[in-house]
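Encoded as C-alpha cells, the structure appears first; notes follow it.
The values are calculated or read from the model by the stated rules, or taken from the named source; none is laboratory data. This is a predicted model, so every value here is computed, not measured. Note: ideal-geometry Cβ built from the backbone for every residue, glycine included; neighbour counts use all protein chains shown. For accessibility, only protein heavy atoms count, side chains too; no ligands or nucleic acids. Shrake-Rupley method; radii C 1.70, N 1.55, O 1.52, S 1.80 Å.
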Amino acid sequence: MGSKIESVLARRIWDSRGRPTVEVDVRLAGGAWGRGVAPAGASRGSREAVDLRDGGPQLGGFDVQRAIGNVNGAIARCIVGMDAMDQQAVDGAMIALDGTSTKSALGGNATIATSLAVLQAAAAAAGLPLWRHLSGGAPVRMPLPEIQIFGGGAHAGRRVDVQDFLIMPIGAASFDEAMVMTAEVYRAAGELMERMGRRCGVADEGGWWPDFKSNEEALETLVRAIDAAGYRHDQVAISLDIAASEFGRNGRYTLGLEQRSYDTSDWLELLVGWVARYPILSVEDPVAEDDAQGMREFTAAVGHKVQVIGDDFLVSNAALVRDAVAAGSCNAVLLKPNQVGTISETRQALEVARAAGWGTVVSARSGETEDVAIVHLAVGWNAGQLKVGSFARSERMAKWNEALRVEAAIGAGAVYAGRKALPVP
Ligand code: PGA
Ligand code: ZN
C-alpha cells in the first residue's frame, strides 16, 4: 500500500517571533511525503491543547525538545505502518496514545505538526493540491478574509486593550479584488498614522502599532482609513477581536489604556454602543472565556446583525461548540487546529458549527511560519472565512498569496464567499 506511513521525523525550526517550534516530515511507502508545522498563540484559551515547552533558562523556556522527542519516539512508533489516507484513524491513535483531554502528555504542538504532515502526505500521494484533496470534489468558495489593520492586546505590549482591529472586504467580487481593497485600506491607515505623528512600525501580526489614546480612537481611525481609501461601508466592514480573556475575569473588565473597570453589563453596553456607531459586522471573544452568561447576553443583543465568534471561549473543540449552540452563546467559531491538537478534531468542530448554521473562520496564530496549510483548510473545507493577521510580514503575506494561487488554479469558476459567509443577513 503506497499510502502506508513509513517514517516520521520531527525537527526544531523557528517561528515569526523567533521562538522554537516543531516541524514534522512524514514519508509514505510509495514515496510521497508531507510536512506540518505547529504555530503558537500568545493570547491562549485556558482549555486549549497544551503547547509543550521545555521550560528552564535557555531560549526563555520556549524550546520544544520534549515535543520533538515525543514525535520521534512514541508518536512515530504508534503511527508508522498506518494508512495516511485514514486521517481519523491516525489522529485517533495519537489521541489514545496521549490519553489526556488537553494533549498534555505528548504536546498539542507535537500532535498538530504530525497530523498536518500526515494530511499533506496523503494529498501528495493522491497527486492533488491540499485544498482539492480535502474538498473531495465538493464545491468550494474562496474565503472572506479578515485582515488586521491595527494590532493590539498581547500582540502589541498591551498598548491598547482590544487585540485586533480588522477589516472584511465584503463587497469584493473576488479574492483578488479583496486583496486590492485590503492593500488600499492598510496603506491609507499607515498614511493616517504618519500624519498623526504616530507611525511606529507594526505589531506581532503585521498590523500598525496601535499608538492611540483610547480603544475607541483606534476604531475611529480605522473608519477614517476605510473612508480615505474610498470604500463605502457596504464594501469594507469592520471586525473586532476583543480577546477579552486577556483583561477580563470573574465578570470584571479592566482597560489598561483608559484605566477604567467595568462589570459585565457595563462592558456589554459599551460594546453594543460601538456596534451601533461603527460599521462593525463581526466581534470575536467580546467577553472573557469564563463569562458564558456575558457571551449569551451579547449574542442575544446583537447576534441578529453581527457575527459573534467564539475563540478562547470554544478553543476549536466540537463538544464546546455543541454546548454553545444549545445555549445560544455565539453564532460563529474560530478554528485554530493547534488549539485542539489534530486536524480531525478541528474538522469535527467545523462540522458541528456548520450544521447549526454558524459562521466558520479558519485562523492562523500570532506565532506563525511560512507554512500555508491553513489556506488550504479554509478553501478545502469550504469554511467561508479566513483570518491570518495583517497585510505585512511574510509569514502573513505567504498565506494571502497562496490563496491567490488557489483562486487562479480554480479558474473562471472560482466563487468568492464575500458577505454571504457571515451568519447574519
Ligand atoms: P493568538 O491570538 O494566536 O496570539 O492566540 C489570535 C486570536 O486571538 O485570534
Ligand atoms: Zn481571538
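A search for C-beta distances below 7 Å between a residue of the range 310-321 that is on the phi > 0 side of the Ramachandran plot and touching a residue at least 12 places away in the same chain (Cβ under 8 Å) and any residue that is more than 10 Å from ligand 2 (Cβ to nearest atom) and basic (Lys, Arg), counting only pairs 6+ apart in sequence or on different chains, returns Val315/Arg47.
Condition check: among the acidic types (Asp, Glu) and in contact (Cβ under 8 Å) with a residue 60 or more places away in the chain. Does Asp211 satisfy that? So Asp211 does not fit the description; no.
Scoring Leu128 on the criteria (1) of a type outside the set (Gly, Ala, Ser); (2) in contact with a helix residue (DSSP H, G or I) (Cβ under 8 Å, 6 or more places away or on another chain); (3) open to solvent by 10 Å² or more (accessible area, probe 1.4 Å) leaves a single failure, condition (2). In this structure, Ile79 qualifies as in contact with a strand residue (DSSP E or B) (Cβ under 9 Å, 6 or more places away or on another chain) and at pLDDT 95 or above.
For the range 219-255, enumerate the residues that are within 16 Å of ligand 2 (Cβ to nearest atom) and either small (Gly, Ala, Ser) or over 29 Å from Asp290 (Cα atoms) (or both). Of everything in the range 219-255, those that are within 16 Å of ligand 2 (Cβ to nearest atom) and either small (Gly, Ala, Ser) or over 29 Å from Asp290 (Cα atoms) (or both) turn out to be Ser239, Ala243, Ala244, Ser245, Gly248. When the test is whether a residue is farther than 28 Å from Gly190 by Cβ and either open to solvent by 20 Å² or more (accessible area, probe 1.4 Å) or within 26 Å of the chain's Cα centre (by Cα) (or both), Arg224 does not pass it. Within the range 330-348, the set of residues being within 15 Å of ligand 2 (Cβ to nearest atom) and not β-branched (Val, Ile, Thr) comprises Cys330, Ala332, Leu334, Leu335, Lys336, Pro337, Asn338, Gln339.
Residue check: is Thr360 assigned to a loop (DSSP other than H, G, I, E, B) and open to solvent by less than 30 Å² (accessible area, probe 1.4 Å)?
no
Scanning the range 131-157 for residues that are outside any helix (DSSP H, G or I) and in contact with a helix residue (DSSP H, G or I) (Cβ under 8 Å, 6 or more places away or on another chain) turns up Val140, Arg141, Met142, Pro143, Leu144, Pro145, Ile147, Ile149, Phe150, Gly152. Trp400 fulfils the conditions (1) at pLDDT 95 or above; (2) open to solvent by 10 Å² or more (accessible area, probe 1.4 Å) except for a single criterion, (2). Listed by position, the strands (runs of 3 or more DSSP E) enclosed by the range 232-322 that each have at least 3 residues that are within 16 Å of ligand 1 (Cβ to nearest atom) are 237-241, 280-284, 307-310. Among the candidates Ala392, Ala409, Ala417, Ala383, the residue that is open to solvent by 40 Å² or more (accessible area, probe 1.4 Å), of a type in the set (Gly, Ala, Ser) and in contact (Cβ under 8 Å) with a residue 40 or more places away in the chain is uniquely Ala409. Can you list residue pairs whose Cβ atoms sit under 7 Å apart, with the first residue in the range 330-342 being over 18 Å from Ile79 (Cβ atoms) and of a type in the set (D, E, K, R) and the second being within 12 Å of ligand 2 (Cβ to nearest atom) and outside any strand (DSSP E or B)? Count only pairs 6 or more apart in sequence or on different chains. Partner pairs satisfying both residue conditions: Lys336/Ser316; Lys336/Arg365.
Restricting the first member to the range 344-361 and to residues that are without any contact (Cβ under 8 Å) to a residue 12 or more places away in the chain, and the second to residues that are buried (at least 24 other Cβ atoms within 10 Å of the Cβ), the beta-carbon pairs closer than 7 Å and six or more apart or on different chains are Arg354/Thr360.
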